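Each remark here refers to the structure printed beneath this line.
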Amino acid sequence: MLRFAVFASGEGTNLQAIMDAVKEGVIQAQLALVFSDRHNARALKRAEAAGIKTLCLERKDYATPQSYDRHIIIYLKEEKIDFIVLAGYMRILTPFFVKEYHQNILNIHPSLLPAFKGTQAIKDTFTYGCKAAGVTVHFADEKMDHGPIILQEAFKVSEKDTLESLEERIHQIEHKLYPKAVSLFVEGRLKIRGRKVHILEKSAGKGPSAVESAVSQCKDGRDIPNNP
Ligand code: GRF
């Protein structure tokens, strides 16, 4: 079974949705570690309550972003972490980190990327007067809110929406979309070609599984699956 870590800096409602999905068997992987850069993150409390191992390292205790990320990776390797799920992690990963877990880092962003990157996406969507809003789950790369898109879900913004109601609607979508994307990844059904992520059909139980056929394609040197 694949082992993964969730990185979170705040409330941890997405972490909660992922923990629930693991518990229900929707995500068939082991959530081995919850990491935070903030000691007071509610996400850490949620993980502790669920009996999941936690780790908190604060950036101020390290000389450079690189040395910070290097130390995080030491712990991830110790825990044999295969992939990482960013869930409201408020730090930008260094290129070193991204290279180490190349195509094995997922992120969620509360807008329809490439619109409204950054930390104020919901507010920016609202104040811009958008008629549609939504959520994006994507692979993380060296640039912020940029990597290949896995899933997106859009909805209409109503005249009655306030910033608070928009936030609420976006979070509701996040909590179903993120577990779904993580589960597709775990099943080996996401195949990256350039900027595009192809979603493989679920294996019907006959013939090679999606993972097996992806791996055999890889051996042929044609297509490269993104995860082990
Ligand atoms: C979410 O809106 C997510 O899209 C963004 O940060 C927020 C985290 O919320 N990256 P929570 O900590 O999961 O409640």
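Coordinate-derived values only; no laboratory data. All of these numbers come straight from a predicted model, not from anything done at the bench.
Figures for the structure shown
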{"read-out": "Nonlocal amide H pairs with residue 56, under 5 Å, H built at 1.01 Å", "value": "36"}
{"read-out": "Karplus (6.51, -1.76, 1.60) ³J(HN,Hα), θ = phi - 60°, over segment 135-147, in Hz, Gly and Pro reported as x", "value": "9, 10, 10, 8, 6, 7, 10, 5, 9, 5, 6, 10, x"}
{"read-out": "Amide hydrogen neighbours beyond the local backbone of residue 30, cut-off 5 Å, H modeled", "value": "2, 3, 4"}
{"read-out": "Under the span-like rule (Cα at least 30 Å along the axis, Kyte-Doolittle mean at least -0.5), DSSP H helices of the chain", "value": "163-186"}
{"read-out": "Entries in 123/180; 156/180; 123/191; 77/191 that, when Cα-Cα distance is taken, lie over 29 Å", "value": "123/191"}
{"read-out": "Residue-by-residue Karplus 3J(HN,Hα) for segment 115-130, coefficients 6.51, -1.76, 1.60, Hz, glycine and proline x", "value": "6, 6, 6, x, 7, 10, 4, 6, 4, 5, 4, 5, 6, 6, x, 4"}
{"read-out": "Whole-number percent relative contact order across the chain, with pairs defined as alpha carbons under 8 Å at least 6 apart", "value": "18"}
{"read-out": "Relative counts (whole %) of C-alpha pair distances in the chain, using bins that are 10 Å wide", "value": "8, 32, 36, 20, 5, 0"}
